[in-house]
1. So which residues in region C:1-29 are within 14 Å of chain D (Cβ to nearest Cβ) and either more than 18 Å from the chain's Cα centre (by Cα) or assigned to a strand (DSSP E or B) (or both), if there are any at all?
2. Conditions first: (1) surrounded by 19 or more Cβ atoms within 10 Å (Cβ to Cβ); (2) away from chain A (no Cβ under 14 Å); (3) of a type in the set (A, V, I, L, M). B:Leu94 passes all but one, so which condition is the exception?
3. Taking region B:298-322 as the search range and keeping residues that are of a type in the set (Ser, Thr, Tyr) and touching a residue at least 40 places away in the same chain (Cβ under 8 Å), which one is surrounded by the most Cβ atoms within 10 Å (Cβ to Cβ)?
4. For region D:51-84: of the residues being among the acidic types (Asp, Glu) and farther than 14 Å from D:Val99 by Cα, which is nearest to the other protein chains (Cβ to nearest Cβ)?
5. Quickly run through region C:110-148 and pick out the residues that are farther than 20 Å from C:Arg65 by Cα, surrounded by 24 or more Cβ atoms within 10 Å (Cβ to Cβ), hydrophobic (A, V, I, L, M, F, W, C) and under 19 Å from the mean Cα position of the chain (by Cα).
6. How many residues does region C:90-116 hold that are under 19 Å from C:Glu280 (Cβ atoms) and of a type in the set (Lys, Arg)?
7. So if I check each of A:Gly251, A:Gly226, which one is modelled with pLDDT of 95 or more, within 30 Å of the chain's Cα centre (by Cα), closer than 30 Å to C:Asp142 by Cα and of a type in the set (Gly, Ala, Ser)?
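The values are calculated or read from the model by the stated rules, or taken from the named source; none is laboratory data. Treat the numbers as computed from the prediction; the structure is a model and nothing was measured. Cβ coordinates were reconstructed from backbone atoms using ideal geometry, including for glycine residues, and neighbour counts include every protein chain displayed.
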Protein chains: 4
Amino acid sequence: MSAKSIAVLTSGGDAPGMNAAIRAVVRSGISKGFSVLGVRRGYNGLLNGDVYEMNLRSVSDIIGRGGTILYTARSPEFNAPEGVKKAAEVCSRLNVVGVVVIGGDGSFRGARDLTNAGVPCIGIPGTIDNDIASSEYTIGFDTAMNTAVDMIDRIRDTAESHDRCSVVEVMGRHCGDLALQVGVATGAISILVPEMPWDFQTDIIDRIRLAQKTGKRHFIIMVAEGVGGTNEIANRIQKETGIETRATILGHVQRGGSPNLRDRVVASEMGYHAVTLLEEGQGNRVVVVRGGKVVDFDITEALNMKRTFNKALYDVALSISI
Amino acid sequence: MSAKSIAVLTSGGDAPGMNAAIRAVVRSGISKGFSVLGVRRGYNGLLNGDVYEMNLRSVSDIIGRGGTILYTARSPEFNAPEGVKKAAEVCSRLNVVGVVVIGGDGSFRGARDLTNAGVPCIGIPGTIDNDIASSEYTIGFDTAMNTAVDMIDRIRDTAESHDRCSVVEVMGRHCGDLALQVGVATGAISILVPEMPWDFQTDIIDRIRLAQKTGKRHFIIMVAEGVGGTNEIANRIQKETGIETRATILGHVQRGGSPNLRDRVVASEMGYHAVTLLEEGQGNRVVVVRGGKVVDFDITEALNMKRTFNKALYDVALSISI
Amino acid sequence: MSAKSIAVLTSGGDAPGMNAAIRAVVRSGISKGFSVLGVRRGYNGLLNGDVYEMNLRSVSDIIGRGGTILYTARSPEFNAPEGVKKAAEVCSRLNVVGVVVIGGDGSFRGARDLTNAGVPCIGIPGTIDNDIASSEYTIGFDTAMNTAVDMIDRIRDTAESHDRCSVVEVMGRHCGDLALQVGVATGAISILVPEMPWDFQTDIIDRIRLAQKTGKRHFIIMVAEGVGGTNEIANRIQKETGIETRATILGHVQRGGSPNLRDRVVASEMGYHAVTLLEEGQGNRVVVVRGGKVVDFDITEALNMKRTFNKALYDVALSISI
Amino acid sequence: MSAKSIAVLTSGGDAPGMNAAIRAVVRSGISKGFSVLGVRRGYNGLLNGDVYEMNLRSVSDIIGRGGTILYTARSPEFNAPEGVKKAAEVCSRLNVVGVVVIGGDGSFRGARDLTNAGVPCIGIPGTIDNDIASSEYTIGFDTAMNTAVDMIDRIRDTAESHDRCSVVEVMGRHCGDLALQVGVATGAISILVPEMPWDFQTDIIDRIRLAQKTGKRHFIIMVAEGVGGTNEIANRIQKETGIETRATILGHVQRGGSPNLRDRVVASEMGYHAVTLLEEGQGNRVVVVRGGKVVDFDITEALNMKRTFNKALYDVALSISI
């Protein structure tokens, strides 16, 4: 191992494109003179020294693979101050002068703590929910959205054949972006997200009735995970309208699959950018997309930002879905 | 309308490839000198006279579309003797000399009854479950299987990234074919189907332990809908093994989507064959695949056949999945 | 037909997402009180009066369909001044107070001319090449890129199995965006685009040799259509390196297919925005994406803009593809 | 290494599902008490001793991967008698008591020769062309067909949008199966295969004219590689009909991609069956599908069989494609 190493790990839920980010970190790290250590299973691997040196060929043919070749896990031990201290010691012992952490807000808090303990860390947003306030885009979002669209297009075939209403729940606990975009793309007549208030009569029943008057006989209602109550909503629609209604909860299927182009490209750019920051000796930064460009922010600042919901798109959705 | 008409309808659950069958019936019907009536919403449409004359272009560009352009519905009214009688009268009034019914066993019973009431009917097996004893293959099966494989490949990315066990339920109430084939194709280490007895300890836990000894850290357990208890199985696995375990029920997504090649081709052959039978004045026949060829059987005979489970493939699955 | 109509047409090469744009124009047009005329086969249809009134249901279930339900064609007649005049007269006769033109730069020049002849026109960029200088994004680009990625991932399987080099040509006569993005996403070790000079020895052979030293045995070389010479490049690589090399030209396959999420969503926003402009009485505007937002420019201004190539991404590509 | 080894290799062109067959050979080989050697790059690897012992985990997560993890290559050296003798000596030195060869007819001839030289060999048909006379099905065929269908569905979007004729060439030098099946599935109005005579006027022009009379405005002509002349056919159609016509040659894209269900399942059954034969001490057998079942034949016998073209399906295709 060379004198100067950087480490890379994935943390939190897996997202398509994480491998592309790992690949970019490894390749650009080596090209900038670092040795690069792959850390298995997130902060756990850092605590246990479960690392291995990666070379240019360690990341061959992974750009198109879903999941993460470094695995991921939660690490309760790391969340405690002694955990962070221990991780910093491991880094020191391994000559690790910087760590790239691919994950969500929770992972970034770990990165901030580890930076404070003396190991410069750079965060890369990898989560299918697009729920990182500081970034317009998170790795995995586009693949997850398109997976959801593909599945709902299938559900629509059946809904149309049977004159049914389909209530579909997609991922997004605090963030309705996935539901909104997928709702627009699949022609959902109602889109329920945590960011917007909604009323069963006005936002669902009245819109179904309105659509029926124009001759429409099958309907999609999009529900974000954070809104919930999908089965109840379906039952109530059937009861009040007489339209046969089915609920579908798209689960973990949304997480996997070969990353599509956008996730591969953004992940590649972010991975490269992260290494550039470490090369400059910077830490406690998170790499984000702003105004369509890859830039970086202070992690603490980034964690304090507030998300804004795309109300304009929501309004477009309402006006063209019937 | 010409003197001699044939009608075509889809009944029961929709299946990818139904449109390809409709297309073949319409095109070969017209080329054989019939006028062809499309009946909307299954036997209901026949009762209500909800039919329209189709021409060669009515079925343009539908071979690749999921669902059914003729819609489908249940028809409690038709199931009663008066319903059948009324349907026969409608057929008589419309000069319908034969009806092609695309659906499952329930639809075939209707076809048999309507034949007995004087209207020769031909059944075509269209159901994603492959649960028609008389036929080796039912339209929609291949597309549904491949949809399930695609989704489980995605789930596997996450299972692998997190060292998890995934319990996945696929369609098939009485027939484990879909679970068996998909289980083989996705490397499931256990496959639970209605046709085979199973024991939680032997068929699940012991196999997981065995696989763990070889270094395997993520697992797929395939469950047919007719076995059920998917959530309970998942909970019990997690409790007994300590492996993080998730249940996923693949729902209506399995029904839709553009039919793949096999469903388009088999449906085309079956539709053509059905019209040939009507041209010969035959009725009460079901078009099936036997020994890889499209042939036909008496409906009553076909309905009395018993399915045989592919035990040989099941054994192969067990011996190569660890 | 109501007193005030707007018309919508597609012109130039088809692109996935055009139907989503048509749908948004029709639905938002009607909701704003216009009647909406669909014009078949581009400016030709306008000249021949080949139009029909569309209602809310005319655009049902088209958001996920490739191609354009309004068809498209070249129109030499319209390109002459008398053609424009005649089209303006047809618009006047049909009470058309505005036209939405979905297409590329050529189509926008027509829209400018028709505006000058008294019919306010709004352009929407629909072309898979992303070659509209005024817009960061054109409808169809994302679907085309992902289709190309999917195909090159397949080619890579064979290249890897046989230790081969694959030279792949993708669309883009004047614009290397597609080649660049797809090259990054598929790990191409060389990307040849019209915007950047390249040298056979330095940019191809030297990079192959360098990659070989690290253990790499299969290679992808990406070529934009506008660079050309794909077969010659392949032959020369094989001759100089001894590596079995194959050329593949991805043709019209890149144009079709169900639009993916981004194309559906951007097309929906652009269609809505275009109608808003017509409602305000504006003409000679083109709807574009800038800084990630949907905005509009004067057509003449837009046509005079110069494209900038994403050199930063090109550099990232080079530094992480070996 | 244990006393008794079997070896597995892939030879000839790669095909999706080869990895599934390798996996089945390795897993069932080990479960039957053999050690299993993976041979790299076909018969070449056997000559050079380029082999490695595979364990149960060597084939983890490959069932869904395209190409072949054992690589493949042509081996002129092996085709000479001294080559076969040398390979037999290598086998003897490595205690190899049986070899499973996955490939086409050329690979089977090698397997026959090696059996004659004292090393029992079993052939498994792996080729996307379905051109093995003894087997109804070859591994890779279904994936290749569906890839072609997916691409032609895309081409059709453009053909329809522009009222064009598309002439599409698919793989199959001596065997028209792929063109026939894909032609049926994509609604091609003409299908040109090596097995059937055809006339430009009768089989192409007359059929286009006939279709035009019914209102059809876009056309697909399917051409098998073995027929060739695709560009000339396209030019001649445009010249004689005035319809804008484009030729597309689907190349290596057809070879790759994640194998679909059928290829994974058939490959698994065949791999298992091959090992069973070696366990019984049998050699010079080829594993095939007959009457929908996996059985085996003497290789020499199999190589002498003649293919029969599915004329019945060809006739169905003609009667329903207009």
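1. Applying the first criterion (within 14 Å of chain D (Cβ to nearest Cβ)) to region C:1-29 yields C:9-22.
Result: C:Leu9, C:Thr10.
2. The single condition B:Leu94 does not satisfy is (1).
3. Kept after step one, since they are of a type in the set (Ser, Thr, Tyr), are these residues of region B:298-322: B:300, B:308, B:314, B:319, B:321.
Restricting the remaining residues to those that are touching a residue at least 40 places away in the same chain (Cβ under 8 Å) gives B:300, B:314, B:321.
Details: B:Thr300: 14, B:Tyr314: 17, B:Ser321: 24.
So the residue we want is B:Ser321.
4. Taking region D:51-84 and keeping what is among the acidic types (Asp, Glu), we get D:53, D:61, D:77, D:82.
Checking which are farther than 14 Å from D:Val99 by Cα leaves us with D:61, D:77, D:82.
Numbers: D:Asp61: 7, D:Glu77: 17, D:Glu82: 25 Å.
Across region D:51-84, the extreme among qualifying residues is D:Asp61.
5. Across region C:110-148, the qualifying residues are C:Ala111, C:Ile122, C:Ile132.
6. Residues that pass the stated criteria total 1.
7. Numbers: A:Gly251 fails: modelled with pLDDT of 95 or more.
Answer to the selection: A:Gly226.
Residue by residue, here is whether (1) within 19 Å of C:Leu313 (Cα to Cα); (2) touching a residue at least 12 places away in the same chain (Cβ under 8 Å); (3) outside the structural domain of C:Asn95 (by TED's automatic domain parsing) holds:
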{"position": "C:Arg112", "(1), (2), (3)": "no, yes, no"}
{"position": "C:Gly118", "(1), (2), (3)": "no, yes, no"}
{"position": "C:Ile124", "(1), (2), (3)": "no, yes, no"}
{"position": "C:Ile128", "(1), (2), (3)": "no, yes, no"}
{"position": "C:Met145", "(1), (2), (3)": "yes, yes, yes"}
{"position": "C:Ile152", "(1), (2), (3)": "no, yes, yes"}
{"position": "C:Ala185", "(1), (2), (3)": "yes, yes, yes"}
{"position": "C:Ala188", "(1), (2), (3)": "yes, yes, yes"}
{"position": "C:Glu195", "(1), (2), (3)": "yes, yes, yes"}
